[in-house]
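Only one structure is covered here, and it is reproduced in the block below.
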Amino acid sequence: MSPKINAQISPQPCPHLAEFRRTSTKPFLALHSCLRIKPPGGRAALRRDPDEVPRCGACGLSSPSRLYACITCAAVSCHSTSNAESSHAAVHAASMPPGHQIAVDVDRAELFCCACRDQVYDRDFDAAVVIAQIAASTLGADPPPAIPSSHPENLRKKRRVDYRPWAPDLRERALIGSCSGPIASDAADPSQDLPRGLRGLNNLGNTCFMNSVLQALLHTPPLRNYFLSDRHNRFFCQKRNNGDGDGGAVGKRNGGNNGNKNARICLACDMDAMFSAVFSGDRVPYSPAKFLYSWWQHAANLASYEQQDAHEFFISMLDGIHEKVEKGRRKPDSEGNGDCCIAHKVFSGILRSDVTCMACGFTSTTYDPCIDISLDLEPNQGVSNKMATATSNHSCNGEADCMNSSQYCGTSTLTGCLKRFTRAERLGADQKFFCRQCQVRQETLKQMSIRKLPLVSCFHIKRFEHSSTRKMSRKVDRYLQFPFSLDMSPYLSSTILRSRFGNRIFPFDGDEPDASDELCSEFELFAVVTHTGKLDAGHYVTYLRLSNRWYKCDDAWITQVDENIVRAAQCYMMFYVQKMLYYKATDKQVAS
């Protein structure tokens, strides 16, 4: 089996390449002076002279076949993939002594074995080419990295995390038996067929925006496991922040915050109380009044009984959990590393932005933390506006309603939006970037990518358009097709850099040392927040995927629905969890 390097499968070694390396002391040294990098950010090519037009030494053709230069004698020969017999490169290798089988693609700077008639890989060669490309695009900036070790196991140390079902041992069984009792169930109650934790939330007056997001968060697997395992105990938290002694007890009797005038509003404590109530087994709709009051204290500008934006509430709520937990811990952790609080541990990712000078190829790279990605719907007619912005720049609110049959024409897709988000975009003349290499403002090429994926990816669809010139706003009711299973690997920085640099065995940005395996990029949909109605009046509803079934959460009403209804819904927010963290109840049923 081929070993994995940087989450990529390393091909089997070529015997001709191995023999060539064994008999040559510095096999690729002569090629360094012939590497040519065409800006901006182009692939490497092999030319002795920048203006040289390579041609096959046997037939004199320069196209359409691929041209390869022999590493040993620099003879250029053609090879046709469509017609295996018309390969002057293979004829050259057969007519020459051993060592002439290995050649280099003159247009791609990739190794090729003329005897095997296949592309081959060498770590040192790939490292040299990539470093030459990086050096050309960062001239005058930081020095290029050193060539990595030839030992693949030293390139990336994997930290595997195995998730196994928990079963209590004898001591834990005794504790459970003495400290708890079975939850009473009524066989005549049809609601008992619902999964545990599925409980309606009462509307407290235009609070469907809050209820819809809370339903998604209450069933976010990492967040649910965190609070149900008592990682944030609200009683200890309030006692620690209100002072020891009677202060904590008084605060507890008064809802946790009102007993002490210096008590600190803690949204995480209110979330802990809500998790306890929702997963208690009680099916009577729950009223999140205490949480609403605490959120009003945190976001005073949104404290009203008017309809608010669900996405804005989501951002404000996570910010409140992050802010209060950080103040209590007084830790200097940065939210970008995802280790500062439970909100960022679950939802925080890192975006990479590359701005490349169109004149010299100099590339400026920046990294920004994000807790969700806002996406525009694909335009009907090739509009070239930027598809997405990180949460730090979000300026949208709103959503959609049900799809009608006339909207199937020109359907937008989530994968199409993500492709537009990560594609290179040429900035306009009014957005010229100051190039440190050219020392003047130049036209640039900007490309976004995802350097680090979060445990839970939240995608926000921009369904409100605001025009400052026309002084009007409108809602976009176009349908968006979204998958239940999503592979995020095409949008990672490592994947995009590989496509930019060619087929290389080399560690690229985004090859996270703590990533367990390629499953980290595979996600499963578990919650969809939708909006029906108009711009100034509407209603939010959440669809949850539990026990491999879909449920509609409409405030206090919970009903089971078919997955086709979910697919037809015009989504506003979508929550995807890493597949390695996703559990299907059907697996439990089969196992039992």
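Brief remarks follow.
- Subset of the stretch 65-92 [open to solvent by 20 Å² or more (accessible area, probe 1.4 Å) and either more than 14 Å from residue 103 (Cα to Cα) or at pLDDT below 75 (or both)]: 65, 81, 82, 83, 84, 85, 86
- Of the criteria (1) more than 28 Å from residue 490 (Cα to Cα); (2) within 39 Å of the chain's Cα centre (by Cα); (3) modelled with pLDDT under 75; (4) small (Gly, Ala, Ser), which one residue 62 fails: (2)
Conditions tested, residue by residue: (1) at pLDDT below 55; (2) under 29 Å from residue 550 (Cβ atoms).
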site: 197; (1), (2): no, yes
site: 212; (1), (2): no, yes
site: 216; (1), (2): no, yes
site: 227; (1), (2): no, yes
site: 233; (1), (2): no, no
site: 249; (1), (2): yes, no
site: 252; (1), (2): yes, no
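- Single residue of the stretch 439-452 satisfying the filter (surrounded by 15 or more Cβ atoms within 10 Å (Cβ to Cβ) and of a type in the set (A, V, I, L, M, F, W, C)) that is farthest from residue 483 (Cα to Cα): 445
- None of 406, 449 is at pLDDT below 85 and either over 23 Å from residue 357 (Cβ atoms) or not β-branched (Val, Ile, Thr) (or both) except 406.
- Members of the stretch 506-557 that are over 21 Å from residue 310 (Cβ atoms) and modelled with pLDDT of 90 or more: 522, 524, 549
- So residue 167, is it modelled with pLDDT under 75, part of a helix (DSSP H, G or I) and either of a type in the set (A, V, I, L, M) or not assigned by the TED database to the domain that holds residue 546 (or both): no
- Residue 372 being closer than 24 Å to residue 456 by Cα, at pLDDT 85 or above and surrounded by fewer than 19 Cβ atoms within 10 Å (Cβ to Cβ): no
The values are calculated or read from the model by the stated rules, or taken from the named source; none is laboratory data. Bear in mind that the values here come from a model prediction, so they are computed numbers and not experimental data. Here Cβ is always computed from backbone atoms with ideal geometry, including for glycine, and neighbour counts include all displayed protein chains. Just the protein is used for accessible areas: all its heavy atoms, side chains included, with ligands, DNA and RNA removed. Shrake-Rupley method; radii C 1.70, N 1.55, O 1.52, S 1.80 Å.
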